[in-house]
Amino acid sequence: MSPALLHAWLTGRSLARGVPAPVADRGGYRVDTGSDSEHCRWVFAAAGPNLSVLAREIDQPGRLIKLCGRDEALRELLPDGWQLHAPAFFMQSGSWPASRALPAGYRCETSVEGAVAHVAVFGDDGALAASGYAAETGAAFVFDRIVTAPAHRRQGLGESVMAALRATRTRPEVPELLVATDEGRCLYQRLGWRVLSPYATAEFAA
């Protein structure tokens, strides 16, 4: 995994979520997320001794370590007291299919504030059916938090959100990036995305 590409994604993700930009730390990058459930996270492009040293220094919950690699590779570097999260995947777009029209009874709203775009799809009852964010920098176009409500799934709303976000892009030369859950990976692969790397996460829980 390229450290530069990882940094580009982290920068875009921080913009999309309104958290501090990543800073170089321990051979990886640290993001001070500062939420109720997560104090900060360290993200590494590759496994190395700095990751193991860091894991042994952490003794409080809410500190996450993430690695562009398989769960097994991360587990081998961690002492006792750490728990792995569900696997995820770092992905980059390829060729996109033709945009899919919204099903009848839905409407889409797009807003752009600075470098961040937000798309919301509403049902005919006014309830939020699907949504997502994207952030554009000089190095990447980053998709984030693409979500479809359970009652509205399997209708292509996620694809519609992605297409509407992509329509806000102004730099077609930069890569399009995201991190997907295992379930989301299937959707994105159908849209022409490819997996660059597994993305493992561990949290100190002792």
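Structure summary
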quantity	calculated
The chain: angle of helix 3-17 to the longest principal axis, Cα-based, in degrees nearest 10	60 degrees
Gain upon complete extension [Ala86, Met1; 0.36 nm per residue less C-alpha separation]	28.6 nm
Surface per residue (accessible, 1.4 Å probe) for the chain, Å²	49 Å²
Ala149-Glu57 pseudo-label distance in nm [points 7 Å out on the Cα-to-Cβ vector]	4.5 nm
Under Karplus coefficients 6.51, -1.76 and 1.60, residue-wise ³J(HN,Hα) of segment 154-162 in Hz, glycine/proline x	6, 10, x, 5, x, 5, 5, 4, 4
Label zone at Glu113 (point 7 Å along Cα-to-Cβ), backbone N below 18 Å, segment 1-36	12-21
Ratio of Rg to Rh over segment 1-65 (Cα coordinates, Kirkwood Rh, two decimals)	0.96
Two-site FRET efficiency, Asp125 against Ala101, from Cβ-Cβ distance with R₀ of 30 Å, rounded to 0.05	0.90
Listed residues Leu74, Ala55, Ala180: farthest to the positive end of the dipole of the chain (Cβ charges)	Ala180
Along principal axes, Cα extents of segment 161-200, largest first, whole Å	30, 19, 15
Total formal charge among the other residues, if their Cβ is under 11 angstrom from that of Ala205, Lys/Arg +1 and Asp/Glu -1	-1
Top of Ala73, Ala139, Ala151 by mean-square fluctuation, Gaussian network on the chain, Cα under 10 Å	Ala151
Descending principal axes extents, the chain, alpha-carbon based, whole Å	54, 36, 29
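The values are calculated or read from the model by the stated rules, or taken from the named source; none is laboratory data. Please read all numbers here as calculations on a predicted model, not as lab measurements. All Cβ positions, glycine included, derive from the backbone under ideal geometry; neighbour counts span all protein chains shown. Accessible surface is based on the protein model in full, side chains and every heavy atom, while ligands, DNA and RNA are left aside. Shrake-Rupley method; radii C 1.70, N 1.55, O 1.52, S 1.80 Å.
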